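Structure, as structure tokens:
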Amino acid sequence: MIRDTAQAFLADVSSSSAIRNAMASEQGFETQIWQRICTEMYWQAIHIPEEYGGMGLGYVELVIMLEEMGRYLLCSPFFSTVCLGTNALIVAGTAAQKQQYLSQICQGSLTATLAYTGNNGRWDADAVQATVTTDGDHYLLNGRYRYVPDGHSAGLIIFAVRDEGSTGVDGISLFALDANTPGVKRSWLPTMDETRKQAEITLDQVCVTKADLMGEQGKAWPQLNKIIQLATVAVAAEQAGGAQQTLDLTVEYTQERVQFGRPVAGFQAVKHQAADMMLRAEVAKSAVYYAACVAEEALNGGPLANELAEAASVAKSYCSQGYFSNASDAIQLHGGVGFTWEYDVHLYFKRAKSSELFLGNSAYHRELIAQILLD
Amino acid sequence: MKISFSPEDEKFRAEVAQWLTQNLVGEFEQLKFRGGPGDEHMFPQARKKWEQKLAQDGWTCIGWPKEYGGRGCSIEQQVIFNEEYARAGAPGHVGHIGEGLAGPTLIAFGSEAQKQKYLPGIVAGTELWCQGYSEPGAGSDLANVKTKAYFDEAKGKWIISGQKVWTSLAHESDYIFVIARTNPDSIAHKGLGFFLMKMDQPGIEVRGIKQLTGTSEFNEVFFDQAECDADDIVGKPGEGWAIAMGLLGFERGVSTLGQQMQFHNELNQVIAIAKANGNDKDPIIRQRIAEAHVRLKIMRYNSMRMLSDEGDGGLKKEALIYKLYWSTWHRDLGELAMDVMGPEAEILASAPYNLTRLQAMYLFVRSDTIYGGTNEIQRNIIAERGLGMPKEPKIQMN
Ligand SMILES: Cc1cc2nc3c(=O)[nH]c(=O)nc-3n(C[C@H](O)[C@H](O)[C@H](O)COP(=O)(O)OP(=O)(O)OC[C@H]3O[C@@H](n4cnc5c(N)ncnc54)[C@H](O)[C@@H]3O)c2cc1C
């Protein structure tokens, strides 16, 4: 049901030309389409609890939406707002922050994102480089973030900072700030994958109050870690959708393209690559559907809740590779047209790489699993 | 997607586990983690006895309907049974071809007389079966079988002549089911019959084939005017192909979770070795162990997807990819095991050619990607049935 509705809507709003329009803009999405998503479909409120005006559905439903968005390459602040900002608020927000921001997100008047990575290329606690110092009743935030999804356009930004001199998982705090807070400088970072925009953000003596702090100062790593893991499951879901779509495009194209007097889809070398692509797409989905069940319990309680770290890494490590392999095979099996700007295959190929790198590539997640198994 | 079992199911799980702890002892202790693919030659007599022990308490053929001696267990309960069975390290079923293939075929296509005659021996674990499909000229191209069957009116019997090959456990079996050509002029899948035959008769000769493991689990089976009772053809002459294909459909994934538990045991062995010899610190080995774990986890999630009824009723894509996925995983595990062991991997348990369990696993997994439809055939099937791509062209050779 959810899937059918999503497909119908996305086929309409996320056509190739719509994607390309969004790609060409600095904002990275068309405001009018985002507004339709927020007001007609109400997707941004999908897993926000009903008390804040949300739909109160679970991660299982969310993941279906994400899979379809990955398939249709929807350009929108959905991922940043729902899978970073909203998750951060749900996991770590104070009652007042939830009341204010989640309601605004439900109304479609606020987009949000999470900034935690500095420029050292890490995705774990060491990624947090910006600092916080206390100044009487106030906090002063300083530092630089890179790779922040939709960081230049989001209305609300959750910043991860650390106490000066702290390392690793110690001393980390989260602040929820209006993006226009004085001292917050944001600039768009042009990226190879133009379907999801990234930003650099610098904080220069940003002065904030306790009301902006999420939870306890210096103790926020467990929350941040959980937010990252939930987002990791979400990226994997998009990847599973992309892996399926690159397969579908390939099957369709090779059935039409005739060489040596027959559709190239009839050549066994082509069939076998397609079969491997289907295997990867199906395995990716199996990983994601399970991870979604786990994420759901991690948010709302259940016996699987403590499997989140493992399930997220299992899904992300497989889906990253699976999507990238499918996208690269898709280019190969399209021949010359696969190498053109005009065909959409390269959009998936580029999105596959950017989402593989984002929140840690396969090797990174395998190492996390190795730590669970071996250390 | 189904990810947990009901409280009744969990009660059933406890019952199974308890039975196994109480019974897998004494003379059966030596059978733990033995048997199964790659180890079928070990302890056949003791494992047969174990099978009969299971049968006494109703733990064989648990998914069969009660009227045929089964327990009528739900899919969930079958999954649980298989999981607990593998977890306890209970030995590979010597009777798995009867329980998993011959029996279900008879239940679906057999006459009432055939059911009465053959099912009780399978349930009791007293009669073992083997599968006579492949021939020298009919491997992937199974429809090319040449073994012939004609009806001898005077004797009132079917007379079968020809040769089967790669027949697993033929040397331990009491019966064989055979596909053979009932119409000598027919080609391909037309004109085949499906026969149930007694192994112990003058017209059948079994010769073991030594595998690259040095052991012998499969055989050549020669038929020279071998006899089959008139009542022992399943269906009619000409229906053999449909029945043989129906049989392949019986693998619905229930046993897969049990198989995964065995894979899990193997991976755990590899991890234990890595921890003991320090290779758990090698960054590449760490990556490969984690990858094996990731893929095994997803194998389980994939099976749960297969088993959970999403009501689409149609062909399940996650089931189509399953054989290719697990066989490749297992093959990779074999290689990982050797690399984790390092130079020690080469050293045999003893002369002349006695392999350690992991060496046997490493060598045997090369067959996982061959039997039951090779990986290449799996890819053809996935592309054609899963993706609707064109069928392989038929080429006439003169
Ligand atoms: C351990 C083991 C146990 C077995 N037990 C039994 C048993 O109990 N009963 C039984 O009947 N059989 C049994 N078999 C036989 C098994 O089913 C066959 O080996 C299998 O079907 C492959 O046939 P083949 O060996 O003739 O290989 P071939 O069909 O000759 O294949 C050779 C190569 O060609 C490839 N190939 C063939 N056709 C195609 C195609 N159309 N497209 C692309 N590639 C192709 C294959 O993938 C393979 O790589 C067993 C085999 C093994 C290894």
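Quick notes
- Qualifying residue in segment B:383-390 (condition: in contact with a strand residue (DSSP E or B) (Cβ under 9 Å, 6 or more places away or on another chain) and crowded, with 19+ Cβ neighbours inside 10 Å): yes
- Residue satisfying condition, being outside the structural domain of A:GLN244 (by TED's automatic domain parsing) and loosely packed, with under 15 Cβ neighbours inside 10 Å, within set A:GLN100, A:GLN35: A:GLN35
- On inspection, B:LYS164 does not qualify as away from the ligand (no atom under 14 Å from the Cβ) and either surrounded by 21 or more Cβ atoms within 10 Å (Cβ to Cβ) or not in a strand (DSSP E or B) (or both).
- Residues within segment A:215-236 that are closer than 14 Å to A:VAL128 by Cβ and in contact with a Leu (Cβ under 8 Å, 6 or more places away or on another chain), tallied: 5
- Extreme residue, nearest to the other protein chains (Cβ to nearest Cβ), among residues of segment B:167-194 that are within 13 Å of the ligand (Cβ to nearest atom) and over 15 Å from B:PHE223 (Cβ atoms): B:SER168
- Residue that is farthest from the chain's Cα centre (by Cα) [pool: residues in segment A:319-344 that are buried (at least 24 other Cβ atoms within 10 Å of the Cβ) and away from chain B (no Cβ under 14 Å)]: A:ALA327
- Cβ-Cβ under 9 Å pairs, at least 6 apart or on other chains, segment B:375-386 side within 11 Å of B:LYS323 (Cα to Cα) and within 7 Å of another protein chain (Cβ to nearest Cβ), far side acidic (Asp, Glu) and more than 9 Å from the ligand (Cβ to nearest atom): B:ARG379/A:ASP276; B:ILE382/A:ASP276
- Residues located in segment A:154-189, provided they are touching a Ser or Thr at 6+ places or on another chain (Cβ under 6 Å) and surrounded by fewer than 16 Cβ atoms within 10 Å (Cβ to Cβ): A:GLU164, A:LYS185
- Within segment B:71-87, residues that are within 13 Å of B:LEU20 (Cα to Cα) reach partners that are of a type in the set (Gly, Ala, Ser) with beta carbons closer than 7 Å, at six or more positions or on different chains, in the pairs B:ASN82/B:SER255; B:ASN82/B:GLY258; B:GLU83/B:GLY258; B:GLU84/B:ALA17; B:TYR85/B:GLY258; B:ALA86/B:GLY258.
- The residue that is nearest to the ligand (Cβ to nearest atom), among those in segment B:215-248 that are at pLDDT below 95 and loosely packed, with under 14 Cβ neighbours inside 10 Å, is B:LEU248.
- Exactly one residue out of A:LYS353, A:LYS316 is touching a Ser or Thr at 6+ places or on another chain (Cβ under 6 Å), closer than 25 Å to A:ASP126 by Cα and more than 9 Å from every other protein chain (Cβ to nearest Cβ), and it is A:LYS316.
- Residue match in segment A:301-311 (condition: closer than 17 Å to B:ILE298 by Cβ and of a type in the set (Gly, Ala, Ser)): yes
- With respect to being over 24 Å from B:ILE298 (Cα atoms), in the same structural domain as B:ARG295 (by TED's automatic domain parsing) and surrounded by fewer than 20 Cβ atoms within 10 Å (Cβ to Cβ), B:ILE347 fits the description.
- Of note, A:GLY151 does not satisfy the criterion of being of a type in the set (Gly, Ala, Ser), surrounded by fewer than 19 Cβ atoms within 10 Å (Cβ to Cβ) and assigned by TED's automatic domain parsing to the domain that holds A:LYS197.
- Single match in A:ALA295, A:ALA269, A:ALA309 (criterion: surrounded by fewer than 24 Cβ atoms within 10 Å (Cβ to Cβ) and farther than 22 Å from B:TYR325 by Cα): A:ALA309
- Candidates A:LEU249, A:LEU230, A:LEU203, A:LEU224 - the one that is more than 19 Å from A:SER317 (Cα to Cα) and in contact with a helix residue (DSSP H, G or I) (Cβ under 7 Å, 6 or more places away or on another chain): A:LEU249
- Segment B:350-371: number of residues that are touching a residue at least 60 places away in the same chain (Cβ under 8 Å) and either within 11 Å of the ligand (Cβ to nearest atom) or closer than 19 Å to B:GLN260 by Cα (or both): 11
- Matching entry among B:ILE370, B:ILE347 (being away from every other protein chain (no Cβ under 14 Å) and under 13 Å from B:HIS330 (Cα atoms)): B:ILE370
- Figure legend. Inter-residue proximity from segment A:310-336: first residues more than 16 Å from A:LYS350 (Cβ to Cβ), second residues of a type in the set (Asp, Glu), beta-carbon distance below 7 Å, spacing 6+ or different chains. No pairs are indicated.
- Selection count, segment B:256-271, where residues are out of contact with any Ser or Thr (no Cβ under 8 Å at 6 or more places or on another chain) and either acidic (Asp, Glu) or in contact (Cβ under 8 Å) with a residue 24 or more places away in the chain (or both): 11
- Cβ pairs under 7 Å, 6+ apart, first in segment B:163-178 and in contact (Cβ under 8 Å) with a residue 60 or more places away in the chain and on the phi > 0 side of the Ramachandran plot, second near the ligand (Cβ under 9 Å from one of its atoms) and part of a strand (DSSP E or B): B:TRP166/B:PHE218; B:LEU169/B:CYS130
- Listed conditions (1) part of a helix (DSSP H, G or I); (2) more than 16 Å from the ligand (Cβ to nearest atom) are all met by B:LYS323, apart from (2).
- Counting the residues of segment B:379-398 that are within 9 Å of the ligand (Cβ to nearest atom) and under 22 Å from the mean Cα position of the chain (by Cα) gives 2.
- Which numbered condition A:VAL288 misses (of (1) under 17 Å from the mean Cα position of the chain (by Cα); (2) of a type in the set (Val, Ile, Thr); (3) farther than 17 Å from A:GLU67 by Cβ): (3)
- Test for A:GLU307: is it more than 13 Å from chain B (Cβ to nearest Cβ) and part of a helix (DSSP H, G or I): no
- Tally, over segment B:145-161, of residues that are more than 15 Å from the ligand (Cβ to nearest atom) and either surrounded by fewer than 21 Cβ atoms within 10 Å (Cβ to Cβ) or among the hydroxyl-bearing types (Ser, Thr, Tyr) (or both): 11
- If the condition is being away from the ligand (no atom under 16 Å from the Cβ) and either part of a loop (DSSP other than H, G, I, E, B) or within 16 Å of A:THR246 (Cα to Cα) (or both), then segment A:256-277 contributes A:GLU256, A:ARG257, A:PHE260, A:GLY261, A:MET277.
- Segment B:170-190, subset part of a loop (DSSP other than H, G, I, E, B) and at pLDDT 95 or above, residue surrounded by the most Cβ atoms within 10 Å (Cβ to Cβ): B:SER173
The values are calculated or read from the model by the stated rules, or taken from the named source; none is laboratory data. Computed from a predicted model, the values in this text were never measured in an experiment. Using ideal geometry, Cβ is built from the backbone for each residue, glycine included, and neighbour counts are taken over all protein chains shown.
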